[in-house]
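This report concerns only the one structure given below.
The values are calculated or read from the model by the stated rules, or taken from the named source; none is laboratory data. The structure presented is a predicted model; accordingly, all values stated were derived computationally and were not measured. As a convention, Cβ positions derive from the backbone with ideal geometry for all residues, glycine included, and neighbour counts pool all protein chains shown. Calculation scope for accessible area: heavy atoms of the full protein, side chains included, ligands and nucleic acids excluded. Shrake-Rupley method; radii C 1.70, N 1.55, O 1.52, S 1.80 Å.
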Amino acid sequence: MELMDRMTEEIYEKLQAQGKGKLAEMYRKCFRSTWDTTLQRSDGTVFLITGDIPAMWLRDSSAQVFHYLPYARQFPEVEEAVEGLLRRQFQYIVLNPYANAFNRDANGRHGYDDRTSWTEEQEPWIWENKYEIDSLCYPIRLAYTFWKETGNTEWCTELFVKAAQTILGVWKTEQRHMEQSPYFFERSNCPESDTLIREGKGAEVGYTGMTWSGFRPSDDACRYGYLIPSNFFAARALELLGEISRDILKNPEIERICREMRAEILDGIRKYGVIEHPKYGQVYAYETDGLGHSHVMDDANVPSLLSLPYLGCLSSEDEVYQNTRRMILSAENPYYYEGTCAKGIGSPHTPKDYIWPISLCIQGLSTENRAEAEAVLEMLENMDAGTMLMHEGVHKDDPGQFTRPWFAWANSIFSEFVEKMVRWER
């Protein structure tokens, strides 16, 4: 039996025994999607494309392999691949911590022609130079979870230390974006969502203790520079990096910086990221600027407000989170859609009325309500349009209308959600 079949055997057989043949086949096909179609080995590292785009996103590549981590101790091939991916990610972060997506080698390919802050040395390696906080959070989360699942610390080299220090330096700088940041990004002849105003520096912000982001995890521009779910994720990443620094690196200085910056970010979220909603009470804003403006919404891409318990940022019982969850899973969220096929959160990144399977998986993974999770799983099972795979966005009334037929991240998180449902104690 080949590797992927061995890894999926337990869940696959349980689903078959429950008479859920289609779900079993979808699970197995989605589980293996990243391994079979996106993984490329090179120079002792691993390069992972997102699917139908020939570039590696720090965010997507981390999320694409996350469902493999519980199997990494048992299957050496998986452990080796994830370690190789981490090494590649650290190389990219050291090369340019502001970039979100990279080429396999210095081939000079770019999604677009942009005016941005890359150097002549960096430019050939970078597919896209959109600065997104989560791009730096995901590799930390992946490294930490890999360590906890396998005990493997071989990735924790001088390269990792340099990457960690680079991340901390960027986040410290971007706490005072207006005064200190070297970053800018402009794309000509494009929608506002693909460029930053004020000659590429973004809208004005005030100091809050939070760290600034130019773009959302959707790769869309932030309206206001303090993206609340990404700042929550940064605080969580700092907590994880602090533990790595204490227990593996034995580096009290990095641990101290992580602890202090985490406290500053969380204090900023409490002071500026919580607003009073007329219907739902205190809720988390999606974005704010520290100057009195906030944006109320949620996006399908992770980190999202919906995903905060899934990412370990807070308890699902957090009162403000529960208020926020009710709000964003309602018409108060401009990107929440209900139709005959499904109901859930979409994104301004895709057309109106398109619901993202990733957001539905997050809804299921972040709830303690089994009935809610089962309803979500049923929707997902009926959204594949006969492909047995997940997609980026699916029309609320017609699963045959979808974006991105090859989107590995959605397949991976679907597999993770199915495993949760099968193992959920009755």
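With a cut-off of 8 Å between alpha carbons and a minimum separation of six or more residues, what is the relative contact order of region 35-94 in percent? Provide the component values of the computation, followed by the final result.
Working: 51 pairs, mean separation 19.5, N = 60.
So the answer I get is 32 percent.
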Ignoring everything but the protein chains, give the 1.4 Å probe accessible area of E80 in square angstrom, nearest 10. 130 Å²
Keeping all protein chains in place and using 1.4 angstrom, which order do R109, R141, R236, R176 fall into by accessible surface area, from largest down? R109, R176, R236, R141
Report relative contact order for the chain in percent, whole number only (criteria: Cα-Cα under 8 Å, sequence separation at least 6). 15 percent
Counting pairwise Cα distances across region 64-115, what percent come out greater than 19 angstrom? 43 percent
Hey, any idea what the orientation-averaged projected area of the convex hull of region 244-284's Cα atoms comes to, in nm²? 3.4 nm²
Could you give the dipole magnitude of the chain about its Cα centre, charging the beta-carbon of Lys and Arg +1 and that of Asp and Glu -1, in debye to the nearest 20? 440 debye
Could you state the number of Å between the C-alpha centres of region 77-127 and region 301-334? 31 Å
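Order T195, T367 by their accessible area, 1.4 angstrom probe, all chains in place, largest first.
On the way: T195 30, T367 10 Å².
Greatest to least solvent exposure: T195, T367.
Give the Rg/Rh ratio for region 165-269, taking Rg as the radius of gyration of the Cα atoms and Rh as the Kirkwood radius, to two decimals. Don't skip to the end; give the middle numbers.
On the way: Rg = 14.9 Å, Rh = 14.5 Å.
Here the Rg-to-Rh quotient is 1.03.
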Taking a probe of 1.4 angstrom, what is the accessible area of E332 in Å², to the nearest 10? 80 Å²
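Computed over the Cα atoms of the chain, what is the convex hull's projected area averaged over all directions, in nm²? Could the numbers behind the result be given before it?
Numbers: hull surface 78.8 nm².
The Cα convex hull of the chain, projected and averaged over all directions, gives 19.7 nm².
Sum up the charges of everything whose Cβ sits under 13 Å from the Cβ of E149, counting Lys and Arg as +1 and Asp and Glu as -1, but leave E149 out. Don't skip to the end; give the middle numbers.
Working: positive: R73, R141, K148; negative: E79, E83.
Its environment carries a net charge of +1.
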Could you report the accessible area of R32 in Å², rounded to 10, computed with a 1.4 Å probe on the protein chains as they sit in the structure? 40 Å²
Partner lysines for K130 [C-alpha distance under 23 Å; skip if fewer than 8 residues away on the same chain]: K162, K172, K201
Of the candidates P303, I358, T150, the farthest towards the positive dipole end of the chain (Lys/Arg Cβ +1, Asp/Glu Cβ -1, centred on the Cα centre) is T150
What whole-number value in Å² describes the accessible area per residue of region 174-261 for a 1.4 Å probe? 40 Å²
Compute the signed sum of charges (Lys and Arg +1, Asp and Glu -1) over the other residues within less than 11 Å, Cβ to Cβ, of D43. +3
Which one of T173, L389, I197 is farthest out on the positive end of the charge dipole of the chain, using unit charges on Cβ (Lys, Arg +1; Asp, Glu -1) and the Cα centre as origin? T173
Mind listing the phi-derived Karplus ³J(HN,Hα) values for region 48-60, rounded to whole Hz, using 6.51, -1.76 and 1.60 with θ = phi - 60°, and x for any glycine or proline? 10, 7, 7, x, 7, 10, x, 9, 10, 8, 4, 5, 4
Sort K130, K172, K201 by heavy-atom solvent-accessible area, probe 1.4 angstrom, most to least. K172, K201, K130
